[in-house]
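Quick notes on the structure that follows.
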Ligand SMILES: [Zn+2]
């Protein structure tokens, strides 16, 4: 039987990579979309490419770099320093990219409609809720309705569904699932700083370190030395 086609966004980060492995485990045929929107952490995209190449799956890379003039205003555009600290802190608001997820999911939906894919997957998880409104369940539900209605043609009762399977899961839960699905975490990148190795101190690195600590394993993307440093920074922040 032919597998159901689905579209998923892959940034090269941990969440979207676990999502891709989850989609494969569920028996879907994923079409991967990676979007370059001028983010500071370009390195992520090369990790996304490696993941797809190793899995032998279709990946489109879309370059809309100059959208950054419109939607990047904080540190991710490279205009300010990336704040160090925990995700929940107020200064993390500068890591927001205006309306990013709706823009990217809208592009993914256009791709899905073109290739007759039935679903678009979205990797928002519970840890994102605190500061990112477009990672919350209410947003997913509303966008799912909009996508459904916007792609429901009269002569065809099929439409497109938005699926966000991780909205109730924490980052630690995602790492746990990733371990089960044999996700090559060493081929994922989370750091926001745009440096050649993870800075270990930005909010996303701290969150990642916390997730591995909670699973009692070392982050395979880091050397032993980097891991010790990451744990030290984490402990300084949560003490
Ligand atoms: Zn970092």
(message) Can you confirm whether residue 145 is surrounded by fewer than 18 Cβ atoms within 10 Å (Cβ to Cβ), at pLDDT 95 or above, over 14 Å from the mean Cα position of the chain (by Cα) and closer than 12 Å to residue 33 by Cβ?
(response) no
(request) Inspect segment 204-211 for any residue being touching a residue at least 60 places away in the same chain (Cβ under 8 Å), touching a strand residue (DSSP E or B) at 6+ places or on another chain (Cβ under 9 Å) and crowded, with 22+ Cβ neighbours inside 10 Å and give the result as yes or no. (result) yes
(request) Within segment 150-168, track down each residue that is in contact with a helix residue (DSSP H, G or I) (Cβ under 6 Å, 6 or more places away or on another chain) and surrounded by 16 or more Cβ atoms within 10 Å (Cβ to Cβ). (result) 151, 160, 162, 164, 167
(request) Report those helices (runs of 4 or more DSSP H) wholly inside segment 1-86 carrying at least 2 residues which are at pLDDT 95 or above. (result) 14-25, 43-55
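From 226, 236, 207, 168, grab the single residue that is away from the ligand (no atom under 12 Å from the Cβ) and part of a helix (DSSP H, G or I). I'd like the intermediate steps shown before the answer.
Working: 226 fails: away from the ligand (no atom under 12 Å from the Cβ); 207 fails: away from the ligand (no atom under 12 Å from the Cβ); 168 fails: part of a helix (DSSP H, G or I).
Result of the check over 226, 236, 207, 168: 236.
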(message) So residue 202 ticks every box in (1) away from the ligand (no atom under 16 Å from the Cβ); (2) within 22 Å of residue 17 (Cβ to Cβ) but one. Which box is left unticked?
(response) (1)
(request) Look through 187, 157 and report the one residue that is away from the ligand (no atom under 16 Å from the Cβ) and farther than 21 Å from residue 9 by Cα. (result) 157
(message) Given the options 181, 162, name the one that is away from the ligand (no atom under 14 Å from the Cβ), touching a residue at least 24 places away in the same chain (Cβ under 8 Å) and in contact with a strand residue (DSSP E or B) (Cβ under 6 Å, 6 or more places away or on another chain).
(response) 162
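The values are calculated or read from the model by the stated rules, or taken from the named source; none is laboratory data. Small disclaimer: the values here were computed from a predicted structure and weren't measured. Neighbour counts run over all protein chains shown; Cβ positions are idealised from the backbone, glycine included.
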